[in-house]
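This report refers to the structure that appears directly beneath it.
Laboratory data are not the source of any read-out in this text; all were calculated from the coordinates shown. All of these numbers come straight from a predicted model, not from anything done at the bench. Neighbour counts run over all protein chains shown; Cβ positions are idealised from the backbone, glycine included.
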Amino acid sequence: MGRGRWLLAVSVLAAVLVTVATTATLLLVDPRQPKAEAIKTGALAGGAVVALYALWLNDRRRRVEEARHELESEKTADERFAKAVELLGNEADQVRVGAMHVLANLATTNQRYKQTVLDVLCAYLRRPFEHPALARKPEDPDQAYFREPAEDRPAEDREVTAEQEREMTVRRTAQRLITDLLPWGSNPDETRYQLDLSGARLVHFRLEGRRFGRLVARRAQFYGITAFRGVTLAQPALFSGGTFHGRVDFEDGRFHGGISFQDADFKRGLTLTGATAGTFLHFPELPPEGLVGSLDVREGTAFRNTPAGWPLTGDGKPAAVEDHVQQD
């Protein structure tokens, strides 16, 4: 006998017992009352037991239906995710952009997808990519990518193919969606999301005010203005071997997990005003030209090398740096 049938039998038996017990009790307490009224009251008491069983059964069915609906929703979401990832390989740029927006929507409506979607978007940006506007060196590297009419472009940029233009648009969409998915401001999400952009080519990459965990951008190429103003990272930010072709802004950034600029190349200005770092630091041998501001180093920060000439403040400065500054 199944559990449901067993409970039904118990409920019916309990209802009969309650009916008999209630009726007998009423007749014993007040023998003068009509027997029909006592039986009616007993029946109501027994019916209440059956009603309780019915309520429990309906609640159980509701929970089963909700679980089935949730399972179907997850299955549908998984199918949408798989289809969107598949469409990222489509030749049409509008299809790839649409697939990215589907992924971003899944990540927004379903928390369990967010890190996976970030991984997929980062993987897309790590794909090999060439564009003449990135290879040439204009007078202002901050303007690493132009969209002027073909006749107004420099001669070396007039060979840009339509496919390269479309791919640039798709990649800029991926960058923007990564930024939009990361928590900022009053967003209560404290998840330490991870970004792996190793070897990626990024154009005007912006993460202002975002909060997340680890950023791995080893050997990444940053073109145009790169903005990390007000960013908060709980884990390391690794720019080892990366190249910043335009200006990069770390103003008011909070790098609690440490920063590695090992072998990084800053072609243009670097702003550190109000930035704070802890855990560990690894600098190039000399600071870049156009460095603005200083880095506040927290006490207990480990230095992987002895930075020479980097403007550091706070309790975490190594003695070697202080001696160097005094000698200079």
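Show me 172-180, 106-114 ranked by packing, highest mean number of other Cβ atoms within 10 Å first. Before the final figure, lay out each step's value.
Numbers: 172-180: 19.0, 106-114: 15.9.
With the highest mean Cβ count within 10 Å placed first, the list reads 172-180, 106-114.
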Length released on extending from T169 to V64, taking residue separation times 0.36 nm less the Cα-Cα span: 33.2 nm
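Sort 93-99, 231-237 for me by packing, meaning the mean count of neighbouring Cβ atoms within 10 Å per residue, highest on top.
On the way: 93-99: 17.1, 231-237: 20.6.
The densest-packed peptide leads the list: 231-237, 93-99.
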Taking amide H atoms as placed 1.01 Å from N in the peptide plane, list the residues 5 or more away in sequence, or in a different chain, whose amide H sits under 5 Å from that of D265. G242, T243, F244
How much length is gained on full extension from T179 to E79, taking 0.36 nm per residue of separation minus their Cα-Cα distance? 33.5 nm
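Give me the net charge of P284's neighbourhood, meaning all other residues with Cβ under 9 Å from the Cβ of P284; Lys, Arg count +1, Asp, Glu -1. Intermediate results must be reported in sequence, preceding the final value.
Values: positive: none; negative: D263, D265, E285.
Within the 9 Å Cβ shell, the charges total -3.
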Note down the nm distance, to one decimal, between modelled labels 7 Å out along Cα→Cβ at E159 and at R126. 3.0
